[in-house]
Amino acid sequence: MEFPTVDEYGVAAFTSNLGGYSTNGEKVGCYVAINGSAAGLTPTCLLITSKVTGEPAYVEVIDLPALSADDEVDFMVGKISNPSATRVNLKIGVLTYDHTGSTGTKAYKNY
């Protein structure tokens, strides 16, 4: 999940650590449900901090099972706050990809 650090007008949005975390690669508290059920799911969520002002911060969700085209997936991530602004105009994006091959190459699916 992508969290913009500035909105389309250049106004500060989320901080690079999303307000509640501190370190790049830190485990982030998350809950994932597929078609309304979290049974058997043990996802790992990691913070990928923004490296450059204006670039987004990410929460990477790994260890999910294969999804079907009609699956509904709910993500909840804890401790995210927006201390840099009280109101911003922003869009949160979701990027999906598969890890393929022995090297873990990313095959991007959509954005």
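The values are calculated or read from the model by the stated rules, or taken from the named source; none is laboratory data. Keep in mind it's a predicted model, so treat the numbers as computed, not measured. Backbone-built Cβ (ideal geometry, glycine too); neighbour counts: all protein chains shown.
List of remarks:
- Single residue of region 1-31 satisfying the filter (closer than 12 Å to Cys45 by Cα and of a type in the set (A, V, I, L, M)) that is modelled with the highest pLDDT: Val28
Results for (1) basic (Lys, Arg); (2) closer than 20 Å to Ser22 by Cβ; (3) touching a Gly at 6+ places or on another chain (Cβ under 9 Å); (4) surrounded by 13 or more Cβ atoms within 10 Å (Cβ to Cβ), shown as yes or no for each residue.
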{"position": "Ala38", "(1), (2), (3), (4)": "no, no, no, yes"}
{"position": "Thr42", "(1), (2), (3), (4)": "no, no, no, no"}
{"position": "Val52", "(1), (2), (3), (4)": "no, yes, no, no"}
{"position": "Leu67", "(1), (2), (3), (4)": "no, no, no, yes"}
{"position": "Asp71", "(1), (2), (3), (4)": "no, no, no, no"}
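- Hey, Pro65 under 11 Å from the mean Cα position of the chain (by Cα), at pLDDT below 90 and not acidic (Asp, Glu) or not: no
- Residues of region 1-13 classified as over 14 Å from the mean Cα position of the chain (by Cα) and in a loop (DSSP other than H, G, I, E, B), total: 6
- None of Gly78, Gly104, Gly93 is modelled with pLDDT under 85 and closer than 22 Å to Phe3 by Cβ except Gly93.
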